[in-house]
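The values are calculated or read from the model by the stated rules, or taken from the named source; none is laboratory data. Everything quoted here is computed from the prediction, not taken from an experiment. Glycine gets a Cβ as well: all are built from the backbone with ideal geometry, and neighbour counts include every protein chain shown.
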2 protein chains.
Amino acid sequence: MESRITIGQLAKATDTKAVTIRYYESAGLVSPVTRTEGGYRLYTDRERDRLIFIKRARLLGLSLEDVKSLLGLADDENAPCGQVDSIIHEQLERVRSRLKDLQQLERELDRLEQCCQADTVADCKIIESLSQ
Amino acid sequence: MESRITIGQLAKATDTKAVTIRYYESAGLVSPVTRTEGGYRLYTDRERDRLIFIKRARLLGLSLEDVKSLLGLADDENAPCGQVDSIIHEQLERVRSRLKDLQQLERELDRLEQCCQADTVADCKIIESLSQ
DNA sequence: ATGAAGGTTCTAGCCGCTATAGGGTCAAGC
DNA sequence: GCTTGACCCTATAGCGGCTAGAACCTTCAT
């Protein structure tokens, strides 16, 4: 017999805020199986698993749109795996591109930080560098 | 004699969109020196320099709030340089922290990408890994 | 029956823009 | 002087992924 839990219990079980769960619902990612007469959302283990899935995927930096696609694919055992691969692959490319940008930024900020030994803005090489 | 330019000319000169310049104005970063009778914004070299400053600072990933602080400091020759340093330093720390996160993400995504040789979702290790 | 804890919807805000609508202004050519 | 077309104006809404708040309703233990 499956137990039904409220949004607060689901939130606790998945370390996700209740508002966020409702937001995911509005984005079409996860819905309650039913509601109480008073309108409280009720969930089962299936939704808990789904939320854990979402959480993991979000930790990989995937957009909610990508997560939604993955959930759709996961629901269909016969779906071709290629689409899953390409979502992951594209994310990897985005991450690598962002890494490059950030490494460049780090170098630049590090250089800037080194170069200022002044007391006042008048002699500050950082301000000078930004003003060129 | 200083020449006055319109927002479009300023936009071209600084490679910033006119809408963005107006947005910066609403955020208190840069204002026109005056307006035409018809209400057109007019700028001088000073504003052009200010926009170039903003652009450079934004390329370092600084928030508009930080840029605003830097502009304020840059305006005062006698301001102590320490505040400038700390804005840069904190940004460097943020960048380094983000770099760590992204490197972790890259490893994880790379691992995921390697591990799936399946045809369908039923055997897909990626989906499995996300579902645990 | 009551009160606390938790639930509901709706709206607005965050950042840094971008897009759209519906208008007004400017300078040049006729 | 008039028209044209490029440019400008304000105001509003949207993006993503939440978060916060108001005003109200439900549930459950006592």
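Below are the figures for this structure:
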item	result
Top-ranked residue in the stretch B:17-43 [being crowded, with 16+ Cβ neighbours inside 10 Å and in a loop (DSSP other than H, G, I, E, B); ranked as nearest to the chain's Cα centre (by Cα)]	B:Leu29
Matching residues in the stretch B:91-119 - criterion: being free of Cβ contacts under 8 Å to residues at least 12 places away in the same chain, buried (at least 16 other Cβ atoms within 10 Å of the Cβ) and of a type outside the set (D, E, K, R)	B:Leu92, B:Leu99, B:Leu102, B:Leu105, B:Leu109, B:Cys116, B:Ala118
B:Ile54 part of a helix (DSSP H, G or I) and touching a Ser or Thr at 6+ places or on another chain (Cβ under 7 Å)	no
Hits in the stretch A:24-50 (condition: within 11 Å of DNA strand D (Cβ to nearest atom) and in contact with a helix residue (DSSP H, G or I) (Cβ under 9 Å, 6 or more places away or on another chain))	A:Tyr24, A:Ala27, A:Leu29, A:Tyr40, A:Arg41, A:Leu42
The stretch B:23-37 residues that are on the phi > 0 side of the Ramachandran plot, paired with ones that are more than 7 Å from DNA strand C (Cβ to nearest atom) (beta carbon under 8 Å, 6 or more apart)	B:Gly28/B:Lys68
Residue among A:Glu90, A:Glu65 that is outside the structural domain of A:Thr6 (by TED's automatic domain parsing) and at pLDDT 95 or above	A:Glu90
Filtered residues of the stretch A:87-97 (kept if small (Gly, Ala, Ser) and within 9 Å of chain B (Cβ to nearest Cβ))	none
Any hit, the stretch A:74-90, residues being within 16 Å of DNA strand C (Cβ to nearest atom), within 19 Å of the chain's Cα centre (by Cα) and surrounded by 15 or more Cβ atoms within 10 Å (Cβ to Cβ)	no
Qualifying residues in the stretch A:98-125 (those that are more than 7 Å from every other protein chain (Cβ to nearest Cβ) and under 17 Å from B:Val84 (Cα atoms)) - the one farthest from the chain's Cα centre (by Cα)	A:Asp123
Flag if B:Asp45 is farther than 12 Å from B:Leu71 by Cβ and away from DNA strand C (no atom under 11 Å from the Cβ)	yes
